[in-house]
Every structure is written in structure tokens, then in C-alpha cells.
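**Q** Starting off with a structure, shown below.
The values are calculated or read from the model by the stated rules, or taken from the named source; none is laboratory data. Because the structure is a prediction, the values reported are computed rather than measured. Positions of Cβ are generated from backbone atoms using ideal geometry, with glycine treated the same way; all protein chains shown enter the neighbour counts. All accessible areas refer to the heavy atoms of the entire protein, side chains included, with ligands and DNA or RNA removed. Shrake-Rupley method; radii C 1.70, N 1.55, O 1.52, S 1.80 Å.
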Amino acid sequence: MMRRHVAWLGLATGLFAGCSEPPYPLPDRNATDVRAEEERLATLLPFELLGGPGTCKVRLLGRDGSSSFAWAHCEAAGPGVVTGVSVPVRVDGDRVTQPGDGSAYPPSVRRMFPERLAEAVLNDNSRMRP
């Protein structure tokens, strides 16, 4: 009887280990094209996300054709006020899409990003941030 339990435990462990996927592969930040795209987005995003001047740190998460997927952490400082946002974005040319708030967040992330990237953003976002 004990052998049967050990065999089932081994089978279940093997199935679970075989089903797990490796983490979503992020672009190499040392690559020239990745650095150039992060710099382009860091210049574009303050006006789009903050409505005016500010600074953004950007982590490129991937690309698909003319679309770039990134996580942006942007801040603006005024007299006595600091505002900021940290959010995943989809950028198509100069058009920036960001997810909805609250209960709209998960479905909007799934619409914005390819399936595997969307799941990584929703479940492993600390690795995605700049």
C-alpha cells in the first residue's frame, strides 16, 4: 500500500514539474536596440502619463511588430507637490495605452498584451518593473 502512495506522489510531482513554464523572458537591457527603445519611451511617456513634464524609468517587456510593451515608473515635481505613476503600458508608435483601475485592471492587461506577457504582468510584476 505504501508503494502505491509513493508511486502516485512521484507521478503527481512529475506532472506538476512538467507543466510549469519558465519565467517570461525579458529583453536584454544591454542590447543597443532595447536601450534605444527604452530611451524613446522614457522621453514620450511623461507627457502621456503625467500630462506634462516629468521623468520616467522604463523597462521594455517585449515587442510585437510596431508595438512596444513596457513598465513605466514616472514622476513629476511641482511646488510642494510630487505626483507619480507606475504602470504597464502598450505603445503603438506614439499612442500609449494603459490598463484600467481596480476590477478593470486584469481584463485590460489581457487585452493590451500577448497572453504570456499579460499573465507575467499580472502574476510576477515585481520582476517587470524598472
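**Q** Ignoring everything but the protein chains, give the 1.4 Å probe accessible area of R127 in square angstrom, nearest 10.
**A** Looks like 80 Å² after rounding.
**Q** With r as the distance between the Cβ atoms of S66 and A31 and R0 = 30 Å, compute the FRET efficiency 1/(1 + (r/R0)^6) and round to 0.05.
**A** Details: r = 18 Å, r/R0 = 0.61.
It comes out at approximately 0.95.
**Q** So if each residue of separation counts as 0.36 nm, and I subtract the Cα-Cα distance between R127 and R40, what length gain in nm does that give?
**A** Roughly 29.2 nm would be gained on extension.
**Q** Full extension from S86 to D101: what is 0.36 nm times the residue separation minus their Cα-Cα distance, to one decimal in nm? Intermediate values should be presented prior to the final figure.
**A** Details: separation 15, 0.36 × 15 = 5.40 nm, distance 1.23 nm.
Residue separation times 0.36 nm, minus the Cα-Cα distance, leaves 4.2 nm.
**Q** Rolling a 1.4 angstrom probe over the protein chains, ignoring ligands and nucleic acids, what is the accessible area of E75 in square angstrom, nearest 10?
**A** For E75, solvent-accessible area is about 90 Å².
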